[in-house]
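For reference, the structure I am asking about is given below.
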Amino acid sequence: MTRCGAPTKAGGRCRKSAMAGTSRCERHQGAWSAYEVVQRKKREARKKKPKRDGRG
């Protein structure tokens, strides 16, 4: 089983086992976690970028 590896407040990495089908443990998996917040912001930024239509 893989380890979570999420950054902790102490500066290290989480050593708990990851949940099945994910790369994070139950503590770091939620939508409120710092990891998920960063991922959500990246997705929203990609959606806001104007799409090019290929005309030049």
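Could you give the semi-axes, largest first, of the ellipsoid that matches the chain, computed as the square roots of 5 times the alpha carbon gyration tensor eigenvalues and rounded to whole Å?
One finds semi-axes of 32, 13, 10 Å for the chain.
Could you order the peptides 19-30, 39-50 from most to least packed, using the average number of other C-beta atoms within 10 Å per residue?
19-30, 39-50
Now for a separate question. With runs of 4+ DSSP H residues as the only contributors, calculate the mean residue ellipticity of the chain at 222 nm using -39,500 (n - 2.57) per run, divided by the residue total and rounded to the nearest 500.
-9000 deg cm²/dmol
State, as an integer percentage, the relative contact order of the chain based on alpha-carbon contacts under 8 Å between residues 6 or more apart. Could you put the intermediate results ahead of the total?
Values: 51 pairs, mean separation 12.3, N = 56.
Computed value for the chain: 22 percent relative contact order.
Starting from the amide H of Arg3, placed 1.01 Å from N in the peptide plane, find each other amide H under 5 Å away whose residue is 5 or more places distant or on another chain.
Ala18
Quick one: Karplus J couplings for segment 36-49, per residue in order, coefficients 6.51, -1.76, 1.60, θ = phi - 60°, nearest Hz, x for Gly and Pro?
Once rounded to whole Hz, the list reads 5, 4, 4, 4, 5, 5, 5, 4, 5, 5, 5, 5, 7, 5.
All of the numbers you see were taken from the coordinates with simple rules; none came from a lab. Please read these numbers as outputs of a predicted model, since none were measured by experiment. Glycine also receives a Cβ, built like all others from the backbone with ideal geometry; neighbour counts cover every protein chain displayed.
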